[in-house]
Amino acid sequence: MEVFMCGRLNVIDAPIMAFLSDYLVNVPSVASQLNVAPTESVWSLYQLESQWAATPMRWWLVPHWSKGPQSKFSMFNARAETIATRPAYREAFQKRRCIIPVSGYFEWRRVNGQAQPMVFEPIDSELLLLAGLWDRWQGKDETIISCTVVTTAATQTMSGFHHRLPLMLSRGEVEAWMDARSPQTQLNEIIAPRLRHPLKVTDVTSAMNNARDKSSQSQVAIRAPRVVNPE
């Protein structure tokens, strides 16, 4: 059984609000969230017409043309190799790119036949800026604003953990990613597999496998962290 890439997120309020304050006049109040799972809400920075805004989005993309919010396909991650051509992502990649600021993300590796959870956290800052796509679905009685995390092939230093890697942007790439006018050549450079920041990788207790457990006790370190540096 394959455990999907970037399947849980941690969100810590203070650094995310500080990040949003660099781009927004009115900064929303962000609550810390641990062990955020797909289909739950996660804060995203996006562009609405000509204005930048931030709002909680459902972490499972629902394209605006969908018949309904349910999907038989996994829509919380989008492969960078196909976002420009796959119908579910093509228009969002062209017009609706977003930033999902998180404090860490989780991955699993097999240890003695068991799924061992690991948390990946930044070392040189308090945030990882995940590249995402967003969309707005309008039903008869509800509106869903949703997002997905873009992933790339893993770099050599990260391939020992998983064959995929969430696309983590540098601060200098934020505006280009958000700007719908950015040329394709620039976007191709951004989505190329690359680790931009050193990461701390820590094995944690398996209690966090339960998506309903949002406590800090569910992700206590069980081994000393390892450091992965950019190549």
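For Cα pairs less than 8 Å apart in space and 6+ apart in sequence, what is the mean separation divided by the residue count of segment 8-228, i.e. the relative contact order in percent?
On the way: 461 pairs, mean separation 44.1, N = 221.
About 20 percent, as a whole number.
Given all pairs of different Cα atoms, what value in angstroms does the Kirkwood hydrodynamic radius of the chain take?
Details: mean 1/r = 0.0557 Å⁻¹.
Evaluated over the chain, this radius sits at 18.0 Å.
Around residue 93, under 14 Å between beta carbons, what's the net of Lys plus Arg minus Asp minus Glu among the other residues?
Result for the neighbourhood of residue 93: +3.
Per DSSP helix of 4 or more residues, -39500 (n - 2.57); summed, then divided by the residues of the chain. What does that give at 222 nm, rounded to the nearest 500?
Working: 4 runs with 31 residues, N = 231.
Taking each H run of at least 4 residues, the total per residue is -3500 deg cm²/dmol.
Please check: in the Gaussian network model of the chain (C-alpha springs, under 10 Å), which one of 189, 107, 91 has the largest mean-square fluctuation.
Greatest mean-square fluctuation among the candidates belongs to 189.
Taking the chain, how many lysine pairs are there with alpha carbons less than 23 Å apart, if each pair must be eight or more places apart or span two chains?
On the way: 67/95; 67/140; 72/140; 200/214.
Lysine pairs meeting the criterion: 4.
For the chain, what is the percent of antiparallel DSSP beta bridges, rounded to the nearest 5?
Values: 48 of 53 bridges.
Close to 90 percent.
What order do you get for 117-126, 213-222, 147-156 when each peptide is scored by the mean count of other beta carbon atoms within 10 Å, highest first? Mind showing how you got there, number by number?
Values: 117-126: 17.5, 213-222: 14.2, 147-156: 21.4.
Top of the packing list down: 147-156, 117-126, 213-222.
Regarding segment 115-231, what are the three Cα extents along the principal axes, ordered largest first, in Å?
Here the Cα extents, ordered largest to smallest, are 45, 45, 25 Å.
Classify segment 1-70 as rounded, prolate or oblate from the Cα gyration tensor: take a ≥ b ≥ c as the square roots of its eigenvalues, call it rounded if a/c is under 1.5, otherwise prolate when a/b beats b/c and oblate if not. Please list the in-between numbers first.
Working: a/c = 2.65, a/b = 1.28, b/c = 2.08.
It is oblate, given that a/c is not under 1.5 and a/b is not larger than b/c.
Read the figures in this text as sums done on the coordinates, not as results from a lab. As the structure is a computational prediction, the values presented were derived from the model and not from experiment. Cβ coordinates were reconstructed from backbone atoms using ideal geometry, including for glycine residues, and neighbour counts include every protein chain displayed.
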